[in-house]
1. In deg cm²/dmol, rounded to 500, what helix-only [θ] at 222 nm does the chain give when every DSSP H run of at least 4 residues adds -39500 (n - 2.57) and the total is split over its residues?
2. Where does the stretch 338-446 land on the Kirkwood hydrodynamic radius, alpha-carbon pairs, in angstrom?
3. With N set to the residue count of the chain, report its C-alpha Rg divided by 2.2 N^0.38 Å to two decimal places.
4. For a test of the definition: using alpha carbon positions, the gyration tensor, and the 1.5 limit on a/c, classify the stretch 403-484 as rounded, prolate or oblate.
5. Taking R0 as 60 Å, what FRET efficiency do you get between Ala123 and Ala259 from their Cβ-Cβ distance, rounded to the nearest 0.05?
6. Mind ordering 30-36, 72-78 by average Cβ neighbours within 10 Å, highest first?
7. Using only Cα atoms, what Kirkwood radius does the stretch 161-230 have, in angstroms?
8. Starting with the fewest neighbours, write out Asp401, Asp290 ranked by other beta-carbon atoms found within 10 Å of each beta-carbon.
Amino acid sequence: RSLLKSDLRGDEIIVVSNREPYIHERTAEGQIKINRPASGLVTAVEPVMRACSGIWIAHGSGSADRDTVDKLDQVAVPPEDPSYQLKRVWLSEEEEAGYYFGFANEGLWPLCHIAHVRPVFRASDWEHYRAVNQRFADAVVSAARTEDPVVLVQDYHFALVPRMVREKLPRATIITFWHIPWPNSESFSICPWRSEIVDGLLGSTILGFHTPYHCKHFTETVDHLLEANIEQEHSTITYGGHQTLVKNYPISIAWPEGAMPPVEACRQELRERIGVGASHLIAIGVDRFDYTKGLIERVSAVAVMLERHPDMIGRFSLVQVAAPTRSSLEEYRTFHERMDKLVQDVNARFGQPGYQPVHLFATHHDAVTLQRYYRAADACMVTSLHDGMNLVCKEFIAARDDERGVLLLSRFAGAADELPDALIINPYSIEDTADALHEALTMSEAEQRDRMRSLRSTVQHNNVYLWAADMLVDAARTRLRERIEARI
Ligand code: F6P
């Protein structure tokens, strides 16, 4: 964290993201309640902002009650110890429908994740996407106090913001991070506005992805679409006289500080919640309720595992936390219904009085509760069909200072590159996932410890401050070089 502060040395930091880090809501009693959204982006960027200060510009989406929030257009956060400003951009329902639900989540989200959901591209959504990107770019420009702020643009909601900011603030250092995968150039080319998106991103000083693979796909996409100069050995792309460094920066979490609740208490609490005894085996899953997360495959693997190992019936349950997300989209509603139906079927097939093999908690859970659940579990299942990084696996690892518990991790999550000592699975193979689940539940304590020790040392070292510091060190080098060149 101190490394971060020294890298910045008083530079002005502006973050732009769709999701706000704090949601202000009015309770039935008229009080303002502050919630944290379920978002990997917020999990990662928030500790960095606490350390750096500055201003975070976000869509006031969660803080929907205008009467409550009008006074909260700009607030100092975190509430318990304010260290940066949260500035909200308010979007109309129409803008949100076109830009967020439409182009970002029915277009770019399925385009970039291989989950076999067909992207939808509507010209009207694209118009809203462009207009909303312009609104956020304008918000950055009016928030900037200097000519050369460091602007951190987050995610696929804002592909056009880097170019738009660069037009008004040519000396800004724009670091864009794409939190989801980038598909191969042929897949990407079905997007009618492919060149505009790539051009927008190349307004960045640095463009970050989670894995070298995503960087390679992006570079090949540029190669196919634009007349740009690509220098593989320096990982740079020069287009329209401007150079962008394209590099992988694997995102992470803040390593927890301070004492954690006793494992025994956590185990007892979760087992009481699902009405089972102390020796009951539990695998935990924690996700947004999203079709990319492999939830159907996970529950199907549980069913196959119980079928292959009937001695586990009555002794094992999956506890699946699924935070509601993007529920106004048809694809998400249908997915929710399919999942509910599958859980009912599996429970009807293997359940017994007082025993359910799958418990689906489809509500938002706070970070403190989730940490207790991670500590209570014998295994954690991350079965994403495709995922930029996935931070749930890192949170599970960080919660296990007892060096117990086994992680099952999809090879299609960016995290699999960094965490080979997890049980790496292919979620599309239900049988292999079922076998890996059984292996996890029967793994010796010694093997659990060895694997967990290795995973913990990786995540503790590759924490989110390193993620941010790596980008900021690269940015600082570029700023220095630009100052030197300006004098020549
Ligand atoms: O995974 C991509 C991502 O944008 C994350 O960065 C974020 O945690 C998640 O999707 C949340 O999605 P939404 O903001 O739509 O709820």
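Bear in mind these aren't lab numbers, they're just calculated from the coordinates by the rules spelled out. Keep in mind it's a predicted model, so treat the numbers as computed, not measured. Neighbour counts are summed over all protein chains in view; Cβ atoms, including those assigned to glycine, are modelled from backbone coordinates with ideal geometry.
1. On the way: 18 runs with 204 residues, N = 488.
Helix-only estimate at 222 nm: -13000 deg cm²/dmol.
2. Details: mean 1/r = 0.0660 Å⁻¹.
With all distinct Cα pairs of the stretch 338-446 included, I get 15.2 Å.
3. Numbers: Rg = 22.7 Å, N = 488, 2.2 N^0.38 = 23.1 Å.
Working it through for the chain, the quotient is 0.98.
4. Values: a/c = 6.11, a/b = 2.29, b/c = 2.67.
Note, shape of the stretch 403-484 comes out oblate.
5. On the way: r = 55 Å, r/R0 = 0.92.
Here the calculated transfer efficiency is 0.65.
6. With the highest mean Cβ count within 10 Å placed first, the list reads 72-78, 30-36.
7. On the way: mean 1/r = 0.0799 Å⁻¹.
Radius from the Kirkwood sum: 12.5 Å.
8. On the way: Asp401 14, Asp290 22.
Sorted ascending by nearby Cβ count, the order is Asp401, Asp290.
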